[in-house]
Amino acid sequence: MALPISDQAKWWGLSTLVFLLVLWLLGDVILPFIVGGAIAYFLDPIADRLERAGLSRVAATALISVAMLLVVVLLVLSVIPTLVSQLTALIDAAPTIFRQLHSFLLDHFPQLSDETSTARQTLLSIGDTIKERGGEVANTLLTSAYGVINAMIFMVVVPVVSFYLLLDWDPMVAKIDSWLPRDHAPTLRRLAREIDEVLAGFVRGQISVCLVLGTFYAVALAAVGLQFGLVVGAIAGAITFIPYVGALIGGALAIGLALFQFWGDWLSIGLVAGIFALGQFLEGNVITPRLVGGSVGLHPLWLLFALSAFGSIFGFVGMLVAVPVAAAIGVLARFGIRQYTNSRLYRGTHLLTPEDET
């Protein structure tokens, strides 16, 4: 005999609270395990295909691990040094860029020369904040032994966690399946499949979108001669998964740098703006529809809310789990709506006619 609905709601609610409490208490401690689990989740379909091709699970996992190691080494030897050098140069040039902005604004808006004006005070306060916070952040990154240790632990733990989770993925899924309540197992399996389809379709597709757009922006901006084009392209591509934010930040940064570098050369400035306009057109009409598709059921505003809410409450770890949680809530909400529309609460006690439904 199944538990009453009230008892079921109590236990599922308690499980949710325990999950959120663990997420909040452990925080950065579980970050390597979340990242490692995400990597194993993304690579599991590849391992399954290699198994169907005749390899053992151990051989498939070892082959994938070696391939990923080679990719990381190639990135470290080729792309990352250039990216780091451009990022360092951009940080070094930030004070000069700010002074140029200050001079530009004073030349075109003389009222800012009035030391008592609100606009001037705001501008100066922004500059002081950038200098103070930038120095604090740089000093923390360079001198914090705790941060260095955490980074080393992260780089060591993530590959180990990914390897063992990928190796034992199918047995773990089978074990979790054996723990499901027998009365609800078929429904829970169906919901899990729907969540997996939504999550896989969105995350794997969105990672591809980020890589494609980041490469496009970096190559195109470098081709038109924009300084720090590689950094701007990498930033714009990396945050493309956040709806609207990637395009706004990347476009504003690129056009702002273009105004300083190409001031008076309106063709070059227009080319930089055109690159982002073309990138947004391709993302919305070609890249995202092909790589992500329209059936994943994650509305951009819902995703943006989930990232903001979980990020503010749980920090960076919260942002990592925001997408799978948003996908799960979306699937559960659609399931709840289907249950409601099939219930007597919605349909009433008489048979609905077409006239009733309208």
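The values are calculated or read from the model by the stated rules, or taken from the named source; none is laboratory data. This structure is a prediction, so every number in the text was calculated from the model and none was measured. Cβ placement follows ideal geometry from the backbone for every residue including glycine, while neighbour counts extend to all protein chains displayed. Accessible surface areas use protein heavy atoms only, side chains included; no ligands, DNA or RNA. Shrake-Rupley method; radii C 1.70, N 1.55, O 1.52, S 1.80 Å.
Could you list, in sequence order, all residues of segment 230-278 that are surrounded by fewer than 14 Cβ atoms within 10 Å (Cβ to Cβ) and in a loop (DSSP other than H, G, I, E, B)?
Answer for segment 230-278, where residues must be surrounded by fewer than 14 Cβ atoms within 10 Å (Cβ to Cβ) and in a loop (DSSP other than H, G, I, E, B): 244, 263, 264, 265.
This table checks each residue for (1) farther than 26 Å from residue 338 by Cβ; (2) modelled with pLDDT under 90; (3) assigned to a helix (DSSP H, G or I).
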{"site": "171", "(1), (2), (3)": "yes, no, yes"}
{"site": "189", "(1), (2), (3)": "no, no, yes"}
{"site": "200", "(1), (2), (3)": "no, yes, yes"}
{"site": "205", "(1), (2), (3)": "no, yes, yes"}
{"site": "210", "(1), (2), (3)": "yes, yes, yes"}
{"site": "217", "(1), (2), (3)": "yes, no, yes"}
{"site": "225", "(1), (2), (3)": "yes, yes, no"}
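Which residues, counting only those in segment 153-185, are charged (D, E, K, R) and either open to solvent by 70 Å² or more (accessible area, probe 1.4 Å) or without any contact (Cβ under 8 Å) to a residue 12 or more places away in the chain (or both)?
168, 175, 182, 183
If the requirement is being under 23 Å from residue 162 (Cα atoms) and open to solvent by less than 70 Å² (accessible area, probe 1.4 Å), which of these qualifies: 46, 34? I'd like the intermediate steps shown before the answer.
Numbers: 46 fails: open to solvent by less than 70 Å² (accessible area, probe 1.4 Å).
Within the list 46, 34, the selection yields 34.
Residues are listed down the side, and each one gets a yes or a no for (1) more than 13 Å from residue 210 (Cα to Cα); (2) of a type in the set (Ser, Thr, Tyr):
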{"residue": "222", "(1), (2)": "yes, no"}
{"residue": "228", "(1), (2)": "yes, no"}
{"residue": "231", "(1), (2)": "yes, no"}
{"residue": "236", "(1), (2)": "no, no"}
{"residue": "240", "(1), (2)": "no, yes"}
{"residue": "247", "(1), (2)": "no, no"}
{"residue": "251", "(1), (2)": "yes, no"}
{"residue": "256", "(1), (2)": "yes, no"}
